[in-house]
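Undergrad: Take a look at this one; I'll ask things after.
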Amino acid sequence: MSIRDTSATDRIIEKRVNKKKLAIFAGIGVVVLALLVWLVPGAIRLLGAGSSISGSRLQIATVERGTFVRDIAADGRVVAAVSPTLYARAGGAVVLKVHAGDKVADGQLLAVISSPELTNKLAQEQNNEDAMEVAYQQAKIDANQQRSKLQETFENAKIDEQSAARDLKRYQEALAQGAVSQLDVDRHRDQLEKAQIQLQHAKANLGMDDSSLTLEIQAKKLAYERQKLLVADVKRQVDDLNVRSPVNGQVGQLFIAQTATVSKDAKLLTVVDLSALEVEVNVPESFARDLAAGMPAVISGNGNDWKGAVSAISPEVVNGEVIARVRFEGAKPQELRQNQRLSVRILLDKRDNVLTVARGSFVDESGGRYAYVVRDGIAYKTPVTLGPSSIDKVEILQGLKAGEKIVISGTSNFNGAAKVAISN
């Protein structure tokens, strides 16, 4: 008995195509193809870049065109624009009339210095002045008396000359009538000549002695006036023993104790003029060359802003900084105190239509010679020329255009590569 095979029952089954799966596979293919199209250029760029840096380690900014404000921001402290220190004009014991913190007025007595040496010297010089005044007045009296005597002698000589001339004339007339001899006429002629000589000498003495007396009086006068100047100088020194306030203000620091004995030119105290306050700021040396007196500034503190201007700049650099002073424009704020801390912003320059970018470490890292421009995830090393910089911006002179993006921080990781890939 044979077993029949199943060939008679076999039949060909047609393979049906699942259109839904086919559409899914086609969609996946399209997506994969699109990813390849999108990723291949990036991969090519990545392979062409020298290295790859994570974008989270970088700071990128956009180059913009607009107003460029160059300024300096610094902390400062309030100081008195006028704060004179008073010194001892002479040695001696000092009696203080005020205490630290007292309000004082201009000319008010602050301290008295006891100096017996100066006081005695003033008394001596005043006595000498009185003596020289007496000598000067006496010289004028003596000169007047001497002039009177000389004038009297001149007048007498003049009268004697006139009398001798009349006598000679009478004897000449008598001689003509034979009443007197020629000898009498000659004797009277001699008397006339003698009288004329005496008159000439009296006249000469009157003019000469008058000049001499005038010079003597002038000498006495000059000595007296010189002594007056000396007395005035010593009196000024004595007056300086009374130490007075040069301004309206407040007593600051006292350098001596009450009734202390000090030497000449020793520090006594300071007076602070609170009506003229300024803000003292320390400016980095790199900005010092651009500072100038009169530059506008904004002073901030206590929740307020005040307009100011640079009033003075120190010519000396200390620890890489320059000290500048900023005065308040307009009325002085009443709530400020000396040594109070304030913020100051000094405007160095302001220009419109300037190409700028946010300031970052790339300025120092590249020395301002190049920047990394970001295009399609690649940072390209690009030569640039930078101009002046402010606190938050730097001017672009050459090499960049508005709208371009550059790496402003983190370029130290690029190691100077020409191209660097930036990964997400």
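Undergrad: Do you know which residues across the stretch 73-115 are out of contact with any helix residue (DSSP H, G or I) (no Cβ under 9 Å at 6 or more places or on another chain) and among the charged types (D, E, K, R)?
TA: Passing the criteria: Asp75, Arg77, Lys97, Asp102, Lys103, Asp106.
Undergrad: A further question on this structure: Look through Asp290, Asp240, Asp273 and report the one residue that is farther than 29 Å from Ala312 by Cα and among the charged types (D, E, K, R).
TA: Answer to the selection: Asp240.
Undergrad: Among the residues in the stretch 218-237, are any free of Cβ contacts under 8 Å to residues at least 12 places away in the same chain, farther than 30 Å from Pro116 by Cβ and either in contact with a strand residue (DSSP E or B) (Cβ under 7 Å, 6 or more places away or on another chain) or not in a helix (DSSP H, G or I) (or both)?
TA: No, that holds for no residue.
Undergrad: From the list Leu269, Leu254, exactly one residue is under 24 Å from the mean Cα position of the chain (by Cα) and either surrounded by 16 or more Cβ atoms within 10 Å (Cβ to Cβ) or closer than 25 Å to Gln108 by Cβ (or both). Which is it?
TA: Just one listed residue meets the conditions, Leu269.
Undergrad: So Thr214 ticks every box in (1) free of Cβ contacts under 8 Å to residues at least 24 places away in the same chain; (2) surrounded by fewer than 15 Cβ atoms within 10 Å (Cβ to Cβ); (3) at negative phi but one. Which box is left unticked?
TA: Checking Thr214 against (1) free of Cβ contacts under 8 Å to residues at least 24 places away in the same chain; (2) surrounded by fewer than 15 Cβ atoms within 10 Å (Cβ to Cβ); (3) at negative phi, the one that fails is (1).
Undergrad: Moving on to the next point. Considering only the stretch 131-150, I want to know if a residue exists there that is farther than 25 Å from Ala223 by Cα, touching a Pro at 6+ places or on another chain (Cβ under 9 Å) and not assigned by TED's automatic domain parsing to the domain that holds Ile313.
TA: The answer is no, given that none of the residues of the stretch 131-150 is farther than 25 Å from Ala223 by Cα, touching a Pro at 6+ places or on another chain (Cβ under 9 Å) and not assigned by TED's automatic domain parsing to the domain that holds Ile313.
Undergrad: Turning to a different aspect of this structure: Among the numbered conditions (1) in the same structural domain as Leu150 (by TED's automatic domain parsing); (2) under 30 Å from Ala297 (Cβ atoms), tell me where Val281 comes up short.
TA: (1)
Undergrad: Next question, about the same structure. Please tell me if Lys350 is among the charged types (D, E, K, R), touching a Phe, Trp or Tyr at 6+ places or on another chain (Cβ under 9 Å) and either surrounded by fewer than 16 Cβ atoms within 10 Å (Cβ to Cβ) or not assigned by TED's automatic domain parsing to the domain that holds Glu64 (or both).
TA: yes
Undergrad: Give the residues of the stretch 311-353 that are basic (Lys, Arg) and modelled with pLDDT under 85, sorted by residue number.
TA: If the condition is that a residue be basic (Lys, Arg) and modelled with pLDDT under 85, then Lys332, Arg337, Lys350 are the ones that fit.
Undergrad: Now for a different question. Hey, any hits in the stretch 206-217 for a residue that's over 30 Å from Asp160 (Cβ atoms), outside the structural domain of Gln108 (by TED's automatic domain parsing), among the β-branched types (Val, Ile, Thr) and in a helix (DSSP H, G or I)?
TA: Looking for residues that are over 30 Å from Asp160 (Cβ atoms), outside the structural domain of Gln108 (by TED's automatic domain parsing), among the β-branched types (Val, Ile, Thr) and in a helix (DSSP H, G or I), one finds at least one in the stretch 206-217, hence yes.
Undergrad: So, in the stretch 414-424, exactly how many residues are assigned to a strand (DSSP E or B) and in contact with a Phe, Trp or Tyr (Cβ under 7 Å, 6 or more places away or on another chain)?
TA: Result for the stretch 414-424: 2.
Undergrad: Out of everything in the stretch 109-144 that is surrounded by fewer than 18 Cβ atoms within 10 Å (Cβ to Cβ) and in contact with a strand residue (DSSP E or B) (Cβ under 9 Å, 6 or more places away or on another chain), what residue ends up being nearest to Ala257 (Cα to Cα)?
TA: Ranking the candidates gives Val112 first.
Undergrad: A further question follows. Which of the residues belonging to the stretch 246-262 are outside any strand (DSSP E or B) and among the hydrophobic types (A, V, I, L, M, F, W, C)?
TA: Within the stretch 246-262, Val247, Phe255, Ile256, Ala257, Ala260 meet the criteria.
Undergrad: Separate question: Return the total of residues in the stretch 386-413 being under 16 Å from Arg65 (Cβ atoms), polar (S, T, N, Q) and outside any loop (DSSP other than H, G, I, E, B).
TA: Summing the residues that are under 16 Å from Arg65 (Cβ atoms), polar (S, T, N, Q) and outside any loop (DSSP other than H, G, I, E, B) in the stretch 386-413 gives 1.
Undergrad: Within the stretch 60-93, can you find the residues that are farther than 30 Å from Asp240 by Cβ, under 18 Å from the mean Cα position of the chain (by Cα) and of a type in the set (A, V, I, L, M, F, W, C)?
TA: Correct list: Val78 only.
Undergrad: On to the next question. Residues that are acidic (Asp, Glu), at least 1 per element: which strands (runs of 3 or more DSSP E) completely within the stretch 55-170 meet that?
TA: In the stretch 55-170, 64-80 are the strands (runs of 3 or more DSSP E) which contain 1 or more residues that are acidic (Asp, Glu).
Undergrad: Examine the stretch 395-415 for a residue that is modelled with pLDDT of 85 or more, aromatic (Phe, Trp, Tyr) and not assigned by TED's automatic domain parsing to the domain that holds Ala292, and state whether such a residue exists.
TA: Checking the stretch 395-415: not a single residue is modelled with pLDDT of 85 or more, aromatic (Phe, Trp, Tyr) and not assigned by TED's automatic domain parsing to the domain that holds Ala292.
Undergrad: Which members of the stretch 373-385 meet the condition of being assigned to a loop (DSSP other than H, G, I, E, B) and touching a strand residue (DSSP E or B) at 6+ places or on another chain (Cβ under 7 Å)?
TA: Matches in the stretch 373-385: Gly377, Val384.
The values are calculated or read from the model by the stated rules, or taken from the named source; none is laboratory data. Bear in mind that the values here come from a model prediction, so they are computed numbers and not experimental data. With ideal geometry, Cβ positions are generated from the backbone for all residues, glycine too; neighbour counts draw on all protein chains shown.
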